[in-house]
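Please read the structure below before turning to the comments.
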Amino acid sequence: MLHRTFCHLPGITLKSERVIWNAGILSWDFAERAKPGLVGESVCAVLQQHIPLSRKAIRNSDLAFFVEHLPVSEHWRVFREFRDKTVYLDIETTGMGRGTDHITTIVAYDGLNVEHFVHGVNLDQFPGYMKSVELVVTYNGKCFDLPFIQREFRSTFNPVHLDLRYILKSVGIQGGLKKCERQVGLDRGELSGVDGYTAVLLWREYRRAKNRRALETLLAYNYLDVLNLEPLMITAYNRKMDGLPCDEERRIEMPQWQPSSPFLPDPELVARLQGTPSFQRSW
């Protein structure tokens, strides 16, 4: 998509980008050969002057170049070209961030490898992991995950952030992560009844009774949250491409492989925790 993008160039708005496309200038290749009669002399000059800089940014894997110049609503466009730099991220916590609430687990997936971090075990290694991360995909991370992470570690992480909550909503998919998953046909299997508050209870059970099965179930849930972000991001990207003058082959295929979680959920434990009076309490 970036090779067909012009709204990051000086003076080119989303509206004028459409004018450029409607003139038959559908990619940077066309733009560099464009004649002033098609889009005007000033626009033609901008295209010919700045497209080489955009090509250089792609060659140098300069993600910041595009993010600094694209409208925020169009940051999704970087995903295809910078997919190999993407990390899918999700956290679990003891609550919504009040008082002494803290992160319990973090799972991060880079498209090949999954890393997990657990409070009291290796959570302190997470800032080191984040130092090399350039592009993060979350669901509702703008309001929850990233502020929680920054508060927890008392430091600022500055990767480019694509929040699927807003990208999915812009293509008609909304209602919370699990509801979004159902709308695109993702099935959680044994974990279909687990939600954020169940995750809180699982952590409490792990800490109270040193119940390793509770931690395993929590991590299995956290893993699934993260692994499902990839097909959701691809779905959102492809739907954003619908209606744009882009070739069908520019769409992204769903991954043929994903790592399996090393953690097995305990459905009986989940049922027991969800059957307690405390489960009815709002967190």
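The values are calculated or read from the model by the stated rules, or taken from the named source; none is laboratory data. Because the structure is predicted, anything quoted here is derived from the model rather than measured. Here the Cβ is made from the backbone with ideal geometry for all residues, glycine too, and neighbour counts use every protein chain on show.
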Inset, instruction - Can you confirm whether region 59-75 contains a residue that is in a loop (DSSP other than H, G, I, E, B), in contact (Cβ under 8 Å) with a residue 40 or more places away in the chain and closer than 29 Å to Phe148 by Cα? - result: yes
Legend entry - From Leu191, Leu186, residue being under 25 Å from Thr94 (Cβ atoms), hydrophobic (A, V, I, L, M, F, W, C) and out of contact with any strand residue (DSSP E or B) (no Cβ under 9 Å at 6 or more places or on another chain): Leu191
Inset, instruction - Give the residue that is surrounded by the fewest Cβ atoms within 10 Å (Cβ to Cβ), with candidates limited to residues of region 115-159 that are of a type in the set (Val, Ile, Thr) and more than 24 Å from Arg204 (Cα to Cα). - result: Thr156
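Conditions tested, residue by residue: (1) closer than 25 Å to Val78 by Cα; (2) in contact with a helix residue (DSSP H, G or I) (Cβ under 9 Å, 6 or more places away or on another chain); (3) in contact (Cβ under 8 Å) with a residue 24 or more places away in the chain; (4) not in a helix (DSSP H, G or I).
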{"position": "Gln125", "(1), (2), (3), (4)": "no, no, no, no"}
{"position": "Cys143", "(1), (2), (3), (4)": "yes, yes, no, yes"}
{"position": "Leu146", "(1), (2), (3), (4)": "yes, no, no, no"}
{"position": "Phe157", "(1), (2), (3), (4)": "yes, yes, yes, yes"}
{"position": "Tyr166", "(1), (2), (3), (4)": "yes, yes, yes, no"}
{"position": "Tyr197", "(1), (2), (3), (4)": "no, yes, yes, no"}
Legend entry - Check on Glu92, of a type in the set (Asp, Glu), part of a strand (DSSP E or B) and crowded, with 17+ Cβ neighbours inside 10 Å: yes
Inset, instruction - Exactly one condition in (1) of a type in the set (S, T, N, Q); (2) out of contact with any Phe, Trp or Tyr (no Cβ under 9 Å at 6 or more places or on another chain); (3) buried (at least 16 other Cβ atoms within 10 Å of the Cβ) is not met by Thr86; state its number. - result: (2)
Inset, instruction - Would you point out the residue of region 1-24, among those that are assigned to a loop (DSSP other than H, G, I, E, B), touching a Phe, Trp or Tyr at 6+ places or on another chain (Cβ under 9 Å) and of a type outside the set (A, V, I, L, M, F, W, C), that is modelled with the lowest pLDDT? - result: Gly24
Inset, instruction - Could you check, for region 204-214, whether at least one of its residues is of a type in the set (Phe, Trp, Tyr) and either touching a Ser or Thr at 6+ places or on another chain (Cβ under 6 Å) or in a helix (DSSP H, G or I) (or both)? - result: yes
Legend entry - Qualifying residue in region 182-190 (condition: in contact (Cβ under 8 Å) with a residue 24 or more places away in the chain and crowded, with 20+ Cβ neighbours inside 10 Å): no
Legend entry - Flag for Val226 being closer than 30 Å to Asp62 by Cα and at pLDDT 95 or above: yes
